[in-house]
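K.L.:
Would you mind keeping the following structure in view while I ask a few things?
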């Protein structure tokens, strides 16, 4: 296993670094719980990575050690832990410019600064074997101050006053919010809390906050509010009362759907014809409908009837839009839409 190899090579580095007189091959094999051939391979790997491993023969035995001038550096973590931090840095790359990504990056810089060049290069090479590339995501670098202020408000249980732009209408309004949690979901950052304007617990997208300031008002999170329970029925970021949903995927999507965890409540039922039924207990939201529609003709809503009809109508409208050639459609609608000037764009 890859993890076993990393742990073993790390122990080998530690033993060679601490031994002034060198370590015998049999002793290393016993201490590392492996055979001599494995130790040979690990020694070769370390030498290839740039570690100054030397050997000398005494009394008919071969001993291995590092050059006396070599210093490993101050290493407070195991290689698995360092790689896990690097993996976390990749995962948080889509939050670059925020306190979350910047903090883990700062921690890694401090760790790397205390390593010998050979060890730093060795761990970097190992890290390159496992990479994470972020998918579609939002850019939060310019919202650093907003995120920091929200984080401060959550910790201090302080009400905030914000200017917020609604996604559906694009209208802006000032509202006061008691922020309970900052929530990362589906490539976006959201703040969940009690909205004084609607007198409801609502979810707000961080990138739509135009301005934000802490007030002198304090609040207490209701004892009845449990974030895990509140968000359990949400498929996206909006929590709605849960209903039973059953979808039937055709054979081309069955394996893909089966390989993913879409929601904690999901139940999978493979069919003899190769299709797959997926049942969920979630709220009917725009996020859910958009996800269903992303499979096109590869999925059918079995229940509930209201959702089945809504998806049918959406597909019918899409079919009608594609039934006309673009040129004919422009003619029927009075020509192409006029382009706005750059200064008028939002």
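The values are calculated or read from the model by the stated rules, or taken from the named source; none is laboratory data. Bear in mind that the values here come from a model prediction, so they are computed numbers and not experimental data. Positions of Cβ are backbone-derived with ideal geometry, glycine not excepted, and every protein chain shown enters the neighbour counts.
K.L.:
Looking at 276, 268, 245 in this structure, which one is under 28 Å from residue 168 (Cβ atoms), modelled with pLDDT of 90 or more and in contact with a helix residue (DSSP H, G or I) (Cβ under 7 Å, 6 or more places away or on another chain)?
P.N.:
245
K.L.:
Of the conditions (1) under 20 Å from residue 138 (Cα atoms); (2) in contact with a strand residue (DSSP E or B) (Cβ under 8 Å, 6 or more places away or on another chain), residue 168 satisfies every one except a single condition; which number is it?
P.N.:
(2)
K.L.:
Of the conditions (1) at pLDDT 75 or above; (2) exposed (fewer than 14 other Cβ atoms within 10 Å of the Cβ); (3) assigned to a helix (DSSP H, G or I), residue 57 satisfies every one except a single condition; which number is it?
P.N.:
Single failed check for residue 57: (3).
Here's the yes/no breakdown for (1) in the same structural domain as residue 146 (by TED's automatic domain parsing); (2) within 16 Å of residue 150 (Cβ to Cβ); (3) at pLDDT below 95:
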{"site": "163", "(1), (2), (3)": "yes, yes, no"}
{"site": "168", "(1), (2), (3)": "yes, no, yes"}
{"site": "178", "(1), (2), (3)": "yes, yes, no"}
{"site": "181", "(1), (2), (3)": "yes, yes, yes"}
{"site": "184", "(1), (2), (3)": "yes, yes, yes"}
{"site": "200", "(1), (2), (3)": "yes, no, yes"}
{"site": "203", "(1), (2), (3)": "yes, yes, yes"}
{"site": "212", "(1), (2), (3)": "yes, yes, no"}
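K.L.:
Considering only the range 5-12, I want to know if a residue exists there that is surrounded by fewer than 17 Cβ atoms within 10 Å (Cβ to Cβ), at pLDDT below 75 and in a helix (DSSP H, G or I).
P.N.:
Yes, the conditions are met somewhere in the range 5-12.
K.L.:
Going by the structure shown, is residue 173 over 30 Å from residue 296 (Cα atoms) and without any contact (Cβ under 8 Å) to a residue 12 or more places away in the chain?
P.N.:
It is false that residue 173 is over 30 Å from residue 296 (Cα atoms) and without any contact (Cβ under 8 Å) to a residue 12 or more places away in the chain.
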